[in-house]
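This report concerns only the one structure given below.
Read-outs throughout are calculated quantities, based only on the coordinates presented, and are distinct from any laboratory measurement. Please read all numbers here as calculations on a predicted model, not as lab measurements. Don't worry about glycine lacking a Cβ; one is built from the backbone with ideal geometry, like all the others, and counts go over all protein chains shown.
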């Protein structure tokens, strides 16, 4: 598979900046470059396959780690200036004077996060403010930061955590302003900078690149001539790695579980019995069809918890606003209930996977929503092609992998996820009850 649109993409430069000396243009030594971004990754990642013919740069420079690799790419009249830092040399093979090795790189912020620690008290700040303090005021990065607003402030001690770990911890407990009954943010980096975004707001955004445009699979022999919008968003290959795995879901407590919060300071515990269905209506979803049945069924997925989960209780995590209940127990309960809601939120976020290969496209970003149209394999009486409603529909771009081969070909592979299925909802014959909470004292 070659680059779909000649002249649409060009690899301008690949520069290596050693610790001692001037930059070195290694473009002609590069066999393959892979660029990777994901909503589940706090930083960009990159691998560069180097065909080092007779130069032995590893020992000559030498390459010791933390060297900057600059990749300049021109695509659709946009110049991308991407900078990564080497943290590992892998797969080194040698034959006489020639050798091949892989430079594995990340954004510099990932290395800084591994080397920094936060050990301080946070008092009455909302999570997006804390993220801004960590990245900007902490001088972790100078890149652009886009954040969504949350509801509750946090008052807590950060116990010597890495910056990225702290942000991810906050993300799973933050309640978005636009969906106050829901919970959950994502922290990730794209070519444009860092993002701290509400999951609900991401799911509810218009599809990329605009409403009415679909990523559509069609056979190569039915392709249109020339470069048009239909050809640009053509799905060349697709695969569904997993439709569902109820056995694994039950093991993880994905449909229902009992969570025991242990307060070692007060020598007490509290048990929350929760089900996925209790939180379903409180969050935005890509499509309308739930990935599970809420009626009894042969296993009764929601009737009893399939797993016990022990967690330390969260004390004084949220600050208190005027009019908010200030009793410690109720405040702790609210935090813990929302964290259990986040368990289901994040689990089902990746429930429905689809991997697609499209013409090289550096403009798409992880976190985008797209509409995917896959034809049904069923033959229609009139010979027409019908859309497969179950696998088609809205998906979130979970990750994007751009592969540059031989310095001239661009391939883009997109991993799509969503928390639901397309088509009409499956009718339920029974509704579940509310949340049950038990208390105990040792």
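For a label point 7 Å from the Cα of residue 92 along Cα→C-beta, name the residues of region 35-63 whose backbone N is under 12 Å from it. Those under the cut-off are 56-63.
For residue 262 and residue 376 in one chain, what is 0.36 nm times their gap in residues minus the Cα-Cα distance, to one decimal in nm? Provide the component values of the computation, followed by the final result.
Working: separation 114, 0.36 × 114 = 41.04 nm, distance 5.03 nm.
Between residue 262 and residue 376, full extension yields an extra 36.0 nm.
Extension gain, residue 271-residue 137: 0.36 nm per intervening residue step, less the Cα-Cα distance, totals 44.3 nm.
Sorting the segments 118-128, 161-171 by their residues' average number of neighbouring beta-carbon atoms within 10 angstrom, most packed first, yields 161-171, 118-128. Specify whether the C-alpha gyration tensor of region 9-111 places it in the rounded, prolate or oblate class, a ≥ b ≥ c being the square roots of the eigenvalues: rounded for a/c under 1.5, otherwise prolate if a/b is larger than b/c and oblate if not. Taking the square roots of the gyration eigenvalues as a ≥ b ≥ c, region 9-111 is prolate.
Approximating the spin labels as points 7 Å out from Cα along Cα→Cβ, the residue 51-to-residue 165 distance works out to 4.2 nm. Multiplying the residue separation of residue 32 and residue 117 by 0.36 nm and removing their Cα-Cα distance gives an extension gain of 27.1 nm.
I need the shape label for the chain. Rule: rounded when a/c is under 1.5, else prolate if a/b > b/c, else oblate, with a, b, c from the alpha carbon gyration tensor.
Numbers: a/c = 2.21, a/b = 1.28, b/c = 1.73.
Taking the square roots of the gyration eigenvalues as a ≥ b ≥ c, the chain is oblate.
Rounded, prolate or oblate: which one fits region 128-168, using the alpha carbon gyration tensor with axes a ≥ b ≥ c (rounded when a/c is under 1.5, else prolate when a/b beats b/c, else oblate)? It is oblate, given that a/c is not under 1.5 and a/b is not larger than b/c. Of all DSSP beta bridges confined to region 116-200, the antiparallel ones make up roughly 80%. Between the Cα long axis of helix 328-349 and the first principal axis of the chain there is an angle of about 40°, rounded to the nearest 10. Listing 369, 156 from fewest to most neighbouring C-beta atoms within 10 Å gives 369, 156. A Förster distance of 25 Å, applied to the separation of the beta-carbon atoms of residue 299 and residue 243, puts the FRET efficiency at 0.90.
Largest GNM mean-square fluctuation among 99, 380, 205, using the chain with Cα springs under 10 Å: 380.
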